[in-house]
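K.L.:
One structure, pasted below without further comment.
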Amino acid sequence: MKNSTPEAASVYDVIIIGAGPCGLATAAHLRKQHPSALFTDEEQARYHWVSKQAAIKNKRSGRVTRGGILGSRDACPSMLVLDSNGKKWMSKWNALFLKHKIRYLRSPMFFHPDPSDRDALLSFMHAAGRPNEAQEIAGCVGKELSKHQKKRRIRRGVKSTGRSKPISEINERERRDYFARSSACFGDFCIACRDRYDLDEQQIIRQEAVQDIDYDVCDETVNEEKLFRVVTDAHCYFVRSVVLAVGGGEPFVPAPFGEMPSNGASHALDLEQKDLLSGTLAANVQSKQLTSVLVIGGGLTSAQAVDGLIRRGVSQIHLVMRGALKVKPFDIDLSWMSKYKNHERAAFWATDSFEVTTRPFANSLGERLDIIKRARNGGSITPRFKKILESHIASSRLNVHCHTTVSGQSYSETNQNWTITSNPSISGLPAFDHIVFATGTHIDITSLPYLETLHRKYPIQTYSGLPALNNDLQWAEDVPLFVTGRLAAL
Ligand SMILES: Cc1cc2nc3c(=O)[nH]c(=O)nc-3n(C[C@H](O)[C@H](O)[C@H](O)COP(=O)(O)OP(=O)(O)OC[C@H]3O[C@@H](n4cnc5c(N)ncnc54)[C@H](O)[C@@H]3O)c2cc1C
């Protein structure tokens with residue numbers, strides 16, 4: 001810990017760790033003047049509109065005051081946001097999107113950080129005159145089965161058992177939700193969200209890495225209230241509650257590599273390296289030499305990396321994935337979005353026995369893990385990227401090897417290339433100039449160094465690295481540390 005001097009000022013009400021979409025959504029929630037529990041989505045939207053439009057004219061001075069009639073910001077909790085990646089909202093997200101030159105998001109219109117209104121992004125696009133900055137997400141709407149088709153399925157013996165997954169259907173009337181907005185438009189929407197909730201970066205975000213969190217009585221002689229003591233690489237803060245919005249963890253490198261090789265390899269999600277092409281590979285591409293790259297991974301990031309590398313001039317790519325190449329609009333099954341989503345969610349919540357002890361604790365959470373794994377079912381690519389990969393295969397720039405893992409590897413410093421063996425073995429694999437790991441991230445709450453003190457003082461049950469939080473996404477009833485994002489999956 002460098003220079004961790006106590007922050008002299010007051011005790012904060014909340015510190016949010018992480019300024020990504022989950023941190024932004026949490027901060028906006030805290031600045032929201034009408035709690036979601038009291039109003040429906042529609043009412044929230046209306047209240048926002050009323051507060052924006054309302055104008056009060058002072059009879060004497062004639063001064064017109066706009067907005068603010070529904071409460072004052074002063075009533076909001078004092079807040080600080082800490083992020084090791086940048087001083088702005090979405091720094092990490094923006095860097096990743098820039099690195100992969102992602103032009104359109106994968107998620108639908110209603111996945112966004114504005115808590116007041118499910119349709120906030122849609123409204124923003126229309127109000128900004130940018131309704132066309134979105135692409136329809138293929139394979140979602142228009143999958144309904146007619147009565148005739150349903151009967152035919154039954155005649156063919158395609159039965160619906162109690163536990164079988166319902167047929168994914170998105171109603172035609174929800175079509176407008178199933179568009180992927182452009183990254184630029186989403187970026188501007190997040191800025192609008194920042195402004196709408198008065199979340200100016202300069203005032204509330206600090207670029208600092210959290211190194212330790214403790215929760216205890218800080219000065220018994222003055223106050224017996226327990227406080228969090230959040231230590232960063234620059235300061236020490238006292239705060240009443242903490243929100244962990246730290247995302248999905250560190251880039252994962254699979255066996256037989258184990259750890260990130262120091263030469264000839266990179267991770268698609270590593271932000272230290274700003275561009276996909278680097279070092280020797282970049283030099284070889286620039287000097288128009290024949291180059292070959294091995295990409296490992298079966299999710300959308302691997303497809304984006306393949307496309308990005310080919311566009312930047314790499315001659316040939318081998319894409320290796322341990323399973324099949326799955327094509328899905330989203331990284332979870334469509335049934336979690338469709339009109340059957342309540343069925344899926346009910347099954348998920350029905351396993352909940354955090355407080356109820358009739359079912360064994362471990363089993364119910366094990367069941368939840370299982371549901372999450374089944375819903376995700378490993379990495380997948382979108383129909384749009386499937387077409388892109390097919391075009392690269394057709395032009396002989398890409399070879400895809402499904403159900404294949406790397407079994408052996410060695411890097412020659414002299415030749416600056418990799419010799420790779422695989423299982424099953426692939427004949428004619430070239431020596432690779434570079435390996436790109438598109439193998440996702442790994443997070444285990446028990447191995448986050450800054451949570452060591454909390455784990456020691458307030459142990460918590462974990463399953464596959466995910467904490468068993470209470471229904472308020474809180475560490476424990478008497479420990480007001482809240483968790484959002486991937487770590488809160490259970
Ligand atoms: C290539 C790619 C494309 C994607 N496309 C989409 C998409 O189209 N739609 C979609 O919904 N999702 C998409 N995702 C997923 C999306 O990036 C994540 O779901 C989202 O960023 C998670 O948000 P978050 O706020 O939980 O975490 P993050 O965005 O990861 O933010 C967490 C923040 O916490 C900070 N942090 C972590 N530890 C500390 C610490 N100790 N101290 C201080 N700060 C810390 C990090 O610096 C980071 O800024 C994509 C992901 C990738 C890799």
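What follows draws every value from the coordinates through simple rules; no lab data is involved. Since the structure is predicted, the reported quantities are computational estimates derived from the model, not experimental observations. No Cβ is skipped: glycine too gets one built from the backbone with ideal geometry, and neighbour counts run over all protein chains shown.
K.L.:
Amide H of Thr291 versus every other amide H placed in the peptide plane: which residues, excluding those fewer than 5 positions away on the same chain, fall under 5 Å?
P.N.:
HN-HN under 5 Å from Thr291: Ser315, Gln316.
K.L.:
In addition: Highest first, please rank the peptides 16-29, 126-139, 88-101 by the mean number of other Cβ atoms sitting within 10 Å of their residues. Please report the intermediate quantities before stating the final value.
P.N.:
Numbers: 16-29: 23.7, 126-139: 14.9, 88-101: 18.1.
Ranked from most to least packed, the peptides come out as 16-29, 88-101, 126-139.
K.L.:
Additional query: Given R₀ = 22 Å, what would the calculated FRET efficiency be for Ala488 paired with Asp216, taking r from the Cβ atoms and rounding to 0.05? Show your work: numbers first, answer last.
P.N.:
On the way: r = 24 Å, r/R0 = 1.10.
Efficiency computed from Cβ-Cβ geometry: 0.35.
K.L.:
Give me, ordered by chain and number, the residues 5 or more places off Gly20 or on other chains with an amide H under 5 Å from its own placed amide H.
P.N.:
Met90
K.L.:
On a 20 Å Cα-Cα criterion, which of the cross-link pairs Lys92/Lys274; Lys373/Lys457; Lys101/Lys288; Lys226/Lys457 come out too long? Spell out each step's value before the answer.
P.N.:
Working: Lys92/Lys274 11 Å; Lys373/Lys457 31 Å; Lys101/Lys288 22 Å; Lys226/Lys457 13 Å.
Pairs exceeding 20 Å: Lys373/Lys457; Lys101/Lys288.
K.L.:
Would you pull out the residues with amide H under 5 Å of Ile381's amide H, same chain only if 5 or more places away, H placed 1.01 Å from N?
P.N.:
When sequence neighbours closer than 5 places are left aside, the close amide H contacts are Lys326, Val327, Lys328.
K.L.:
Further, regarding this structure: Cα centroid distance between region 210-262 and region 93-113, in Å?
P.N.:
27
K.L.:
May I ask you to work out the translational diffusion coefficient for region 341-490 at 10 °C, viscosity 1.306 mPa s, via Stokes-Einstein with Rh from the Kirkwood sum over Cα pairs, reported in whole µm²/s?
P.N.:
81
K.L.:
From the phi angles alone, apply the Karplus equation (6.51, -1.76, 1.60; θ = phi - 60°) to region 301-312 and give each ³J(HN,Hα) in whole Hz, x where the residue is Gly or Pro.
P.N.:
4, 5, 5, 5, 5, 4, 4, x, 5, 5, 4, 7
K.L.:
Right, another one. Using θ = phi - 60° and the Karplus form 6.51 cos²θ - 1.76 cosθ + 1.60, what ³J(HN,Hα) does each residue of region 397-412 get, whole Hz, x for Gly and Pro?
P.N.:
In residue order, the calculated couplings are 8, 10, 10, 10, 10, 7, 6, 10, 10, 7, 9, x, 8, 8, 10, 9 Hz.
K.L.:
Tabulate in residue order the Karplus-calculated ³J(HN,Hα) for region 367-384, using 6.51 cos²θ - 1.76 cosθ + 1.60 with θ = phi - 60°, rounded to whole Hz; enter x for Gly and Pro.
P.N.:
After applying 6.51 cos²θ - 1.76 cosθ + 1.60, I find 4, 5, 4, 4, 4, 4, 5, 5, 5, 7, 6, x, x, 8, 10, 7, x, 4 Hz.
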